[in-house]
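Throughout, read-outs are computed from the coordinates displayed, never taken from laboratory work. Quick caveat, the model's predicted, so the values are computed rather than measured. Please note: Cβ atoms are built from the backbone with ideal geometry, for glycine as well, and neighbour counts cover all protein chains shown.
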């Protein structure tokens, strides 16, 4: 049985029995994977259930499965994007609580938990639309207050 080593997910230990086609193009050999999203969901399911600590590559895979930036995951687990980057590079040990939360988010998100999906989507949307909100103030006789209805 010929196995295909699937490097497109960023993990060194994923092999496919089928669900792919090899072909020769003008640029050389190429492989197409059928249902990449389904394959990535299956990989994520296995990683979430893995009984030992995640590797840095697996941690990154799960974060990207949520389409979450390092910054937003860092904010969610109470750390910085630089710390997340260091975990994913293997420079420092991954915080166990952060790993557990990431596993739970992935599991619930992929399982169709609407509340978790909304939470993750809200974080991702905020990351995409990050902007400084304009605050407009009005001075009254006693103090400054935000002007109602102001942008």
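Quick look at the values:
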quantity: Length-normalised contact order of the chain in % [C-alpha pairs under 8 Å, at least 6 apart]; calculated: 15 percent
quantity: Angle between the chain longest axis and helix 56-65 axis [Cα atoms, degrees, rounded to 10]; calculated: 70 degrees
quantity: Estimated inter-spin distance, residue 136 and residue 82, nm [label 7 Å along Cα→Cβ]; calculated: 3.8 nm
quantity: Directionally averaged shadow of the chain, computed from the convex hull of its alpha-carbon atoms, nm²; calculated: 14.7 nm²
quantity: Two-site label geometry, residue 53 and residue 5: point separation in nm, points 7 Å out along Cα→Cβ; calculated: 2.6 nm
quantity: Computed helical MRE - 222 nm, the chain, DSSP H runs ≥ 4 contributing -39500 (n - 2.57), nearest 500; calculated: -14500 deg cm²/dmol
quantity: Order of 11, 62 - criterion: other Cβ atoms within 10 Å of each residue's Cβ, fewest first; calculated: 11, 62
quantity: Residue order, fewest to most beta carbons within 10 Å, for 59, 137; calculated: 137, 59
quantity: Neighbour-count order for 68, 1, fewest beta carbons within 10 angstrom listed first; calculated: 1, 68
